[in-house]
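S.K.: Got a structure for you, written out below as structure tokens; questions coming shortly.
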Amino acid sequence: MLLDGKTAIVTGCASKKGIGWATARLFAQHGARVALLDLREEDARAAAAAIGDQHLGFACDVRDARRCEQVVKDVVETFGAVDILVNNAGVSQAHRLMDSTMDDYELVLDVSLRGTFNMSRAITPHFRGRRSGAIVCMGSLAAQRGGGVLGGPHYAAAKGAVQALARSMARELAPDGIRANAIAPGLIDTDLLIGKITDEGKAAVAAGTPLGRLGTAQDVANVCLFLASDLSAYVTGVVLDVNGGYHIH
Ligand code: NAD
């Protein structure tokens with residue numbers, strides 16, 4: 001049990017096929033109490049209930065800084081303390097540069113980047129007070145390869161910025177005992193792919209992947225567990241590739 005007695009907040013958890021829910025469930029299996037956040041309260045609560053009684057679901061649009069602060073306050077009050085934040089919420093669009101509207105830009109940038117910024121700022125005073133905390137942010141292979149597989153340029157830019165933010169927080173917050181890292185998943189078979197890639201497209205990506213398959217939400221959750229737990233006590237400021245070798249650099 002790697003997270004015995006720990007507590008965690010995970011954003012973007014409503015979909016049971018998604019990385020957020022798989023991460024929350026794995027944390028719970030390792031002894032953590034988890035607060036699951038998503039846009040709609042009933043979805044977040046249902047996602048939490050599906051993991052077990054002691055977990056909580058909250059409505060939290062991570063683009064809304066005030067709401068992030070309120071939810072962090074509520075979770076700290078209920079759990080007593082928080083040890084881990086996973087900034088997982090994200091929206092992808094495959095639109096090319098000239099097909100993207102400013103609304104597209106704002107949605108994609110704001111959920112990933114502003115959301116990571118908001119939640120990290122909301123938890124940092126608490127982590128500082130405890131001189132401890134682990135932040136895990138969700139980047140993407142798209143940031144490393146210039147998009148192309150699933151996300152358009154705005155998505156790749158959002159994820160590149162999230163990865164840079166994780167590294168910067170790692171440097172700034174290390175003296176406070178807080179670690180910050182990111183994960184760069186390759187193509188992971190979740191609802192995010194719906195309408196963005198055909199079965200033939202998936203097969204082509206699998207064929208081009210040294211490990212011969214797409215990733216699963218569990219593959220990413222496992223790496224979240226590593227970065228959230230004391231197994232990675234001396235790891236901060238990294239962007240960990242979880243892509244089956246699709247991008248070896
Ligand atoms: P998903 O669509 O299943 O999960 C994303 C979740 O975020 C959803 O439950 C959604 O409701 C929630 N969400 C959206 N906007 C939100 C907001 N404003 N506030 C709070 N929650 C919000 O997708 P997933 O594949 O599980 O993606 C999880 C993360 O992993 C995302 O950041 C995504 O960009 C990233 N990622 C996914 C892949 C992939 O291939 N699936 C690859 C690289 C990175």
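S.K.: Is it the case, given these coordinates, that Gln93 is among the polar types (S, T, N, Q), within 23 Å of Asp189 (Cα to Cα) and open to solvent by 20 Å² or more (accessible area, probe 1.4 Å)?
M.R.: yes
S.K.: Here is a check on your reading of the model: is Ala8 crowded, with 24+ Cβ neighbours inside 10 Å and not acidic (Asp, Glu)?
M.R.: yes
S.K.: Tell me, which helices (runs of 4 or more DSSP H) wholly within region 50-136 include 2 or more residues that are under 22 Å from Leu173 (Cβ atoms) and more than 10 Å from the ligand (Cβ to nearest atom)?
M.R.: Ranges flagged: 65-79, 115-130.
S.K.: A follow-up question, please. Report, by residue number, each residue of region 11-31 that is more than 17 Å from the chain's Cα centre (by Cα) and not in a helix (DSSP H, G or I).
M.R.: Those that are more than 17 Å from the chain's Cα centre (by Cα) and not in a helix (DSSP H, G or I): His30, Gly31.
S.K.: Checking the structure you have, find out if any residue of region 202-210 is closer than 28 Å to Leu231 by Cα, open to solvent by less than 30 Å² (accessible area, probe 1.4 Å), modelled with pLDDT of 95 or more and not hydrophobic (A, V, I, L, M, F, W, C).
M.R.: Within region 202-210 (the criterion being closer than 28 Å to Leu231 by Cα, open to solvent by less than 30 Å² (accessible area, probe 1.4 Å), modelled with pLDDT of 95 or more and not hydrophobic (A, V, I, L, M, F, W, C)), the answer is yes, since at least one residue qualifies.
S.K.: Considering each of Arg121, Arg128 in turn, give the residue that is touching an Asp or Glu at 6+ places or on another chain (Cβ under 7 Å), under 23 Å from Leu37 (Cα atoms) and open to solvent by 10 Å² or more (accessible area, probe 1.4 Å).
M.R.: Arg128
S.K.: Any chance you could count how many residues in region 34-69 are farther than 22 Å from Asn118 by Cα and open to solvent by 40 Å² or more (accessible area, probe 1.4 Å)?
M.R.: 6
S.K.: I would also like to ask the following. Look at region 173-201 and say how many of its residues are at pLDDT 95 or above and either more than 18 Å from the chain's Cα centre (by Cα) or farther than 14 Å from Val149 by Cβ (or both).
M.R.: 11
S.K.: Inside region 139-192, can you point out the residues that are within 8 Å of the ligand (Cβ to nearest atom), open to solvent by 30 Å² or more (accessible area, probe 1.4 Å) and part of a helix (DSSP H, G or I)?
M.R.: Asp191, Leu192
S.K.: Further, regarding this structure: Which pairs do you get when a residue that is hydrophobic (A, V, I, L, M, F, W, C), found in region 49-72, comes within reach of a residue that is within 14 Å of the ligand (Cβ to nearest atom) and part of a loop (DSSP other than H, G, I, E, B), reach meaning Cβ atoms under 7 angstrom, with the pair 6+ apart or on two chains?
M.R.: Ala50/Lys16; Ala59/Leu39; Ala59/Arg40; Val62/Ala89; Cys68/Cys60; Cys68/Val62; Val71/Cys60
S.K.: Give region 217-237 a look and list any residue that's in contact (Cβ under 8 Å) with a residue 60 or more places away in the chain and open to solvent by 20 Å² or more (accessible area, probe 1.4 Å), or say none.
M.R.: Gln218, Asn222, Asp230, Leu231, Thr236, Gly237, listed by residue number.
The values are calculated or read from the model by the stated rules, or taken from the named source; none is laboratory data. None of these values were measured; they are calculated from a predicted model. All Cβ positions, glycine included, derive from the backbone under ideal geometry; neighbour counts span all protein chains shown. Note: areas computed on protein heavy atoms with side chains; ligands, DNA, RNA excluded. Shrake-Rupley method; radii C 1.70, N 1.55, O 1.52, S 1.80 Å.
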